[in-house]
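This report concerns only the one structure given below.
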Amino acid sequence: MSRLSSYGYRFVLATLLLLADAGSDLCFADPNAAKSSVVQSVGCIGLTVFDLDRSIDFYSRVLSFEKVSEQEIAGDSYEQLAAVFGLRVRTARLQLGGECIELSEYLAPRGRPAPIDGRSNDRWFQHIAIVVSDMDRAYQVLRQVRAEHASSGPQRLPDWNPNAGGIRAFYFRDPDRHVLEILQFPPGRGDARWHRAVSREQLFLGIDHTAIVVGDTETSLRFYRDALALRVAGQSENWGTEQEHLNNVFGARLRITTLRATEGPGVELLEYLAPRDGRQMPPDEHANDLIHWQTTLVAADVDRALDAVRARRAPLVSSGVVQLPDKRLGFSRAFLARDPDGHVLAFSTRN
């Protein structure tokens, strides 16, 4: 080996060792990464409601969800899972297309109402995006039931935006003031299933994604992409009057990153590059509060998922992996944890 090549070799080796000692996130592509994914699919999106019957009526009558199950739960294991002592909860699962939501009413103890001045750039913000086949007709349905506006009206994102141009969207609120979105993709955008031939009567089609506000996209990617192995499916930077009126935030400029698992709706990261005055997740937020959302992540091995979460030092909500007394909720072992911004994730297995 020549002196030059030997020096080059030692230089490269020393550089790699220094990076390792410094705790660098440098990594090499793993051809088996897909096989080792912690999260297999994104499951139901959960939200806490004040009156379950009222919410079931709204989601089923107005938005065409179908109730598939209802349970009443109480007991020590559920208290450990949700970290709410003395709970008694009515919960219902509703489905739209291939996706589902879970509505939970805490009969005891009652939580706090949502802040009346909540904005779309507050860190606790989360919504689900419901795909529609006809934005104008869907908007009229919401007007007829006097759904509260969260946007000034339906917005069409401008054509200059290479990743979002032509998309039509509108934010509104459910009876508990949770923000929801209806979304219509133009030809060539969105998942192919949203463009398949549908009955003229089929207006609300399914859930494309749930969106969460984050403080820093790179920090969130280290958690969702690197630790949990969700894949980045799309990125965009959105601004302009249409985006401002959609979010109802003056001067809104967003970095948007969509993550997906093999199955289920996407998880969309919304980082407000401007304005950056959104409020933090309340440190004392609990599952019975009406700002509470939780996204179900289905794992092949829930213990391995717990290890991955702990490796990132993510706060746990539950006492650890909780063994439930039965499978009435669709799983027998689960735990709740928070992402870097405080959004709650429910990790479970399929059985």
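The values are calculated or read from the model by the stated rules, or taken from the named source; none is laboratory data. These figures come from a predicted structure and were not determined experimentally. With ideal geometry, Cβ positions are generated from the backbone for all residues, glycine too; neighbour counts draw on all protein chains shown.
Here is a list of conditions, (1) over 23 Å from Ala74 (Cα atoms); (2) part of a strand (DSSP E or B), and Gly278 meets all of them except one; can you say which number that is?
Condition (2) is where Gly278 drops out.
Can you name the condition, by its number, that Arg310 falls short on among (1) assigned to a loop (DSSP other than H, G, I, E, B); (2) basic (Lys, Arg); (3) over 28 Å from Leu180 (Cα atoms)?
Of everything listed in (1) assigned to a loop (DSSP other than H, G, I, E, B); (2) basic (Lys, Arg); (3) over 28 Å from Leu180 (Cα atoms), Arg310 misses just condition (1).
Here is a list: Glu268, Glu237, Glu263. Which entry is of a type in the set (D, E, K, R) and surrounded by 18 or more Cβ atoms within 10 Å (Cβ to Cβ)?
On inspection, the qualifying residue turns out to be Glu268.
Going by the structure shown, is Ala169 aliphatic (A, V, I, L, M), buried (at least 19 other Cβ atoms within 10 Å of the Cβ), closer than 17 Å to His292 by Cβ and touching a strand residue (DSSP E or B) at 6+ places or on another chain (Cβ under 9 Å)?
Taking the combined requirement at face value, the residue does not satisfy it.
Those residues that are hydroxyl-bearing (Ser, Thr, Tyr) and either under 17 Å from Glu271 (Cα atoms) or assigned to a strand (DSSP E or B) (or both), I need them from segment 328-351; list them, please.
Once the filter is applied, which keeps residues that are hydroxyl-bearing (Ser, Thr, Tyr) and either under 17 Å from Glu271 (Cα atoms) or assigned to a strand (DSSP E or B) (or both), segment 328-351 yields only Ser348.
Pull up segment 93-114, narrow it to residues that are buried (at least 17 other Cβ atoms within 10 Å of the Cβ) and in a loop (DSSP other than H, G, I, E, B), then point me to the one that is modelled with the lowest pLDDT.
Restricting to residues being buried (at least 17 other Cβ atoms within 10 Å of the Cβ) and in a loop (DSSP other than H, G, I, E, B), the top hit is Ala114.
Those residues that are crowded, with 18+ Cβ neighbours inside 10 Å and touching a Ser or Thr at 6+ places or on another chain (Cβ under 8 Å), I need them from segment 298-332; list them, please.
Val298, Ala299, Val302, Val322, Leu324, Leu329, Gly330, Phe331 - these are the residues of segment 298-332 that are crowded, with 18+ Cβ neighbours inside 10 Å and touching a Ser or Thr at 6+ places or on another chain (Cβ under 8 Å).
Between Glu79, Glu72, which is in contact (Cβ under 8 Å) with a residue 12 or more places away in the chain, surrounded by fewer than 19 Cβ atoms within 10 Å (Cβ to Cβ), out of contact with any Cys (no Cβ under 8 Å at 6 or more places or on another chain) and among the acidic types (Asp, Glu)?
Glu72
Among the candidates Asp284, Asp301, Asp307, which residue alone is closer than 21 Å to Gln40 by Cβ, free of Cβ contacts under 8 Å to residues at least 12 places away in the same chain and over 14 Å from the mean Cα position of the chain (by Cα)?
None of the others qualify; the one that does is Asp307.
Pairs, please: C-beta under 9 Å, at least 6 apart or cross-chain, first residue under 16 Å from Arg156 (Cβ atoms) and surrounded by 22 or more Cβ atoms within 10 Å (Cβ to Cβ) and in segment 115-141, second acidic (Asp, Glu) and modelled with pLDDT of 95 or more?
Val131/Asp208
Among residues belonging to segment 125-154 that are within 19 Å of Thr210 (Cα to Cα) and of a type in the set (S, T, N, Q), point out the one that is nearest to the chain's Cα centre (by Cα).
Checked segment 125-154; the qualifying residue nearest to the chain's Cα centre (by Cα) is Gln126.
Residues of segment 61-75 being at positive phi and hydroxyl-bearing (Ser, Thr, Tyr), which ones?
Ser64
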